[in-house]
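Let me begin by presenting the structure, written as structure tokens, before commenting on it.
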Amino acid sequence: MASESVVKTFTVAVVLAVACSLLVAGAAIGLRPLQEANKVRDRKKNILLVAGLYNPRESVEETFEQVEPRIVDLASGEYVDKDKLDPATFDQRAAARDPKLSVKIPADKDLAGIGRREKYSLVYLVKKDDKLDQIILPDYGKGLWSTLYGFMALDGDLNTVKGITFYEHAETPGLGGEIDNPRWKAGWPGKKVYDDKGSVQLVVAKGVAEEGNPYEVDGISGATLTANGVTYIVQYWLGDDGFKKLLERLKTEGA
Ligand SMILES: Cc1cc2nc3c(=O)[nH]c(=O)nc-3n(C[C@H](O)[C@H](O)[C@H](O)COP(=O)(O)O)c2cc1C
């Protein structure tokens, strides 16, 4: 019978396949702006969370008005003019991959295992009565299975940790994934980054942190490799190649 011909079966299959792929592709393209907007919102929420400013009864956008994003030239520690790079549109992840906007990290300095780093980074200032109350710094680097992306908030003294968070990673839930555990994150506020000589001393300990040691945070049992990754991320991004020049400048000049 004609209705059971091979040609007809193929035609129906091809038409269906094309229609379905157009539908899926259309949905993927159509939803992309929404996904991007959600990512930006999630990042803002994480910045507010790490700074202790998040209020679930207020919109993220509204609360985020207290935060002043700036772009810093990591080599000099100076802010970059808004006319040159606008914090509202700067895509830091893309910049890290762009040869013109990034630098290769020599292997002996590449503690975070990222290969290249962007020349310019966003930082987020929270001011009270015109004085710097805290600064939130983005950081990232290799864990065991994945790149961990996070933020660290420092107090106005630019040495005391206010909080730490990782908003994106693919470490194993229950092991490396414990970096998301609020109980582990609660061990960070109050810890110090630099010693009197300005060297980064803050580390995640192997096991329990030494009592009263301001530079040690508890380790994560069964996840020493992820925890070491966190130590190297902190050491790299707060060190000479990361935000140290900015923080030293702010200590002398103010925000
Ligand atoms: C399936 C599997 C997943 C693992 N995931 C992690 C992980 O996400 N992070 C981590 O540091 N270690 C992970 N480990 C364990 C590491 O291989 C390693 O044993 C551990 O980091 C050592 O930490 P410890 O000295 O505290 O036991 C995993 C092991 C297995 C078998």
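Readers should treat all values here as calculations from the given coordinates under stated rules, not as data from a laboratory. As the structure is a prediction and not an experimental result, all values here were calculated from the model. So basically every Cβ, Gly included, is an ideal-geometry build from the backbone, and we count neighbours across all protein chains shown.
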How much FRET efficiency would the formula 1/(1 + (r/R0)^6) give for Glu248 and Leu34, where r is the Cβ-Cβ distance and R0 is 51 Å, rounded to 0.05?
0.80
Sites matching GluC sites (Glu not before Pro) across the stretch 48-142 that sit in DSSP coil, with at most 13 neighbouring C-beta atoms within 10 Å:
Glu58, Glu65
Could you give P(r) for the stretch 25-134, binned at 10 Å from zero, as whole percent values over all Cα-Cα pairs?
12, 33, 35, 18, 2, 0
By how many degrees, between 0 and 90 and to the nearest 10, does the Cα long axis of helix 224-237 differ from the longest principal axis of the chain?
70 degrees
So if R0 is 25 Å, what FRET efficiency would Lys82 and Val103 give, r being the distance between their Cβ atoms, rounded to the nearest 0.05?
0.65
Sequence of Asp129, Asp195 once ranked by neighbouring C-beta atoms within 10 Å, starting from the fewest
Asp129, Asp195
Hey, got the dipole for the stretch 112-212? About the Cα centre, +1 on K and R Cβ, -1 on D and E Cβ, debye to the nearest 20?
240 debye
Roughly what angle does helix 244-253 make with the longest principal axis of the chain, taking Cα atoms, 0 to 90 degrees, to the nearest 10?
50 degrees
Putting +1 on Lys and Arg Cβ atoms and -1 on Asp and Glu Cβ atoms, find which of Phe166, Asn213, Trp188 reaches farthest to the positive end of the dipole of the chain.
Phe166
Taking Glu248, Glu171 and counting other C-beta atoms within 10 Å, the order from fewest to most
Glu248, Glu171
Between the alpha carbon centres of the stretch 51-93 and the stretch 184-255 the gap in Å comes to 22 Å
I'd like the orientation of helix 6-50 relative to the chain: the angle between its Cα long axis and the longest Cα principal axis, in ° from 0 to 90, rounded to 10.
20 degrees
Would you please put 87-97, 183-193, 153-163, 209-219 in order of how densely packed they are, using the mean number of other Cβ atoms within 10 angstrom per residue and starting with the highest?
153-163, 183-193, 209-219, 87-97
Work out the length of the dipole vector of the chain about its Cα centre, built from +1 on the beta-carbon of each Lys and Arg and -1 on the beta-carbon of each Asp and Glu, and round it to the nearest 20 debye.
560 debye
Sorted largest first, extent of the chain alpha carbons per principal axis (Å)
90, 47, 45
Once you have the Cα-Cα distance between Asp157 and Trp145, take 0.36 nm times their residue separation minus that, and quote the gain in nm to one decimal.
0.9 nm
Of every Cα-Cα pair in the stretch 191-255, the percentage lying beyond 17 Å is 46 percent
How much length is gained on full extension from Val24 to Ser59, taking 0.36 nm per residue of separation minus their Cα-Cα distance?
9.4 nm
In the chain, if the dipole is taken from +1 on Lys/Arg beta carbons and -1 on Asp/Glu beta carbons about the Cα centre, which of Ile105, Leu23, Val6 is farthest to the positive end?
Val6
